[in-house]
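Quick notes on the structure that follows.
Bear in mind that the values in this text are calculations on the coordinates, not laboratory data. Quick caveat: nothing in here was measured; it's all calculated off a predicted structure. Backbone-built Cβ (ideal geometry, glycine too); neighbour counts: all protein chains shown.
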Amino acid sequence: MRALAIEASELTKDYGNGRGCRAVTIQVKEGEAFGFLGPNGAGKSTFVKMLVGLIRPSSGSASLFGEPIGSIGAKRLIGYLPELYRYQEWLTGEEVVRLHARLCGVQPAEAKRQIPLLLEEVGLGARGRDRVKHYSKGMQQRLGLACALVNDPKIVFLDEPSSALDPLGRSDVRRILQRLKAQGKTLFLNSHLLEDVEVICDRVALLNNGHVLHTGSVSDVLQEKTRWHFRVGGFTPLLLQWLRDATQLPVSRVELPVPEGSDTVWLAAELEDEEQAGWLNALMIEQGLTLYEVAKAKTRLEEWFVSAVSGLSHRGERP
Ligand SMILES: Nc1ncnc2c1ncn2[C@@H]1O[C@H](COP(=O)(O)OP(=O)(O)OP(=O)(O)O)[C@@H](O)[C@H]1O
C-alpha cells in the first residue's frame, strides 16, 4: 500500500501560553491539493512549520510519504514557501534560487538548466539578474515560489502564497499551482484567499483555536445551500411573513446597501439551487413585490467559512 503524502496524528504544539495547535489529525493523499483554512491565529502556520521540520511538536506524530517529519528523508521531499519570507538582499534573484538549489543538493548542471525556466514561470524572467534589494514585496514572493520549486519537490507547502501579490500575480500563482497539480504534486495550501482555494483545492480542513473543526471535500462544502439576495420594492413585513409561511424557507430581511434615494430592501434566503430561487422570485412577483436585483453570494467557500467560525470565539488579531 502506498504511504499517504501527509499523515498527522494528534499533532500538537503548545507554545507554553496555551496557543499553537492541538491534536490535529489529518490525512492527505498523494496528488491531492489540500487547503488549510482558519481565522488569524488559528494555528495554520504552526502546523505547517511542524510538518516541514522547522519546529518540534509537543506531542503526536506525523509523516510525509511514510518519512517521519523532521527527518532528512522527509525534508528531501518538501518545497516550502513560508508566510514570512526574506531573502539575501545583496544577492540577485538568480543567485538566491541557485543557493536554494545547492542547499537541496540539486546537481549544478540541472540547476543551470532549471533556474531560468523557473524564474520565467514565476514572472521574474527579466529580473533574475537584479539584486533582491531592488525587488518589490510581490517580486520577493514570486522568488520564494521559485525557491520552493527548485528541488522538484513531491509535496509543496505554501503559506499564504499570494499575500503580497496584485491580481495579475495571484492569477499567475493560481496557474502555477494548477500546473503542479496536473503534474501529480501534492499541494498543501494555507490561504485566506478562499476563491483561490475553491479553484485549486480538492479538500479543506477548517482550524479554529488550534483544533480542526471540519474536514471535507470542496465539492461537498460547495453543494451545501447557497445564500441568495433579492432587492425588492413594495416590501411590507406582512409580505415577508407570507413568503416564509408559503415557502417554509427562512427568508429574512438583511441590511445591505441600496441605491441612494431608493426605498427598496434586500431579502436573503439559503436556497438549494437555481430552481428554488426561480420559484421564490415568481412568488415574490405574484405577491406584488418588484424585483430589482438578484445576487448569489459570490464566494461560496467564504460563506461557508464565515458561517462556520462566526459565533465561535477565536484568537484572531481583531479584538
Ligand atoms: N513562537 C511562538 N510563541 C508563542 N506563541 C506563538 C508563537 N508562534 C505563534 N504563536 C501563537 O500561536 C497561535 C497560532 O499562530 P499561527 O501563526 O500558527 O496562526 P495562523 O493560523 O497561521 O495565523 P495567520 O492566519 O494570522 O497567519 C497564535 O495565537 C500565535 O500568537
- Evaluated at 20 °C with a viscosity of 1.002 mPa s, what Stokes-Einstein diffusion coefficient in µm²/s does the range 224-303 have when Rh comes from the Kirkwood expression over alpha-carbon pairs? 167
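Using only the Cα atoms of the range 6-216, build the gyration tensor, take square roots of its eigenvalues as a ≥ b ≥ c, and label the shape rounded, prolate or oblate: rounded if a/c is under 1.5, else prolate if a/b is larger than b/c, else oblate.
Working: a/c = 1.72, a/b = 1.54, b/c = 1.12.
Prolate.
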- Count of lysine pairs, the chain, Cα-Cα under 14 Å, sep. 8 or more residues or interchain, comes to 11
- Note on the structure: In deg cm²/dmol, rounded to the nearest 500, the helical mean residue ellipticity at 222 nm of the chain, built from -39500 (n - 2.57) for every DSSP H run of length 4 or more, is -10500 deg cm²/dmol
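So how much slack lies between VAL199 and ALA126, counting 0.36 nm per residue of separation and subtracting their Cα-Cα distance, in nm?
Working it through step by step, the gained length comes to 23.4 nm.
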- Note on the structure: In nm, the gap between the two label points placed 7 Å beyond Cα toward Cβ at ASN40 and GLN241 is 4.4
- Got a sec? Charge dipole of the range 166-273, +1 on Cβ for Lys and Arg, -1 for Asp and Glu; which of SER219, PHE188, PRO237 is way out at the positive end? PHE188
- Task: Would you mind ranking TRP242, TRP304, TRP228, TRP90 by Cβ crowding within 10 Å, fewest neighbours first?
- Result: TRP90, TRP242, TRP228, TRP304
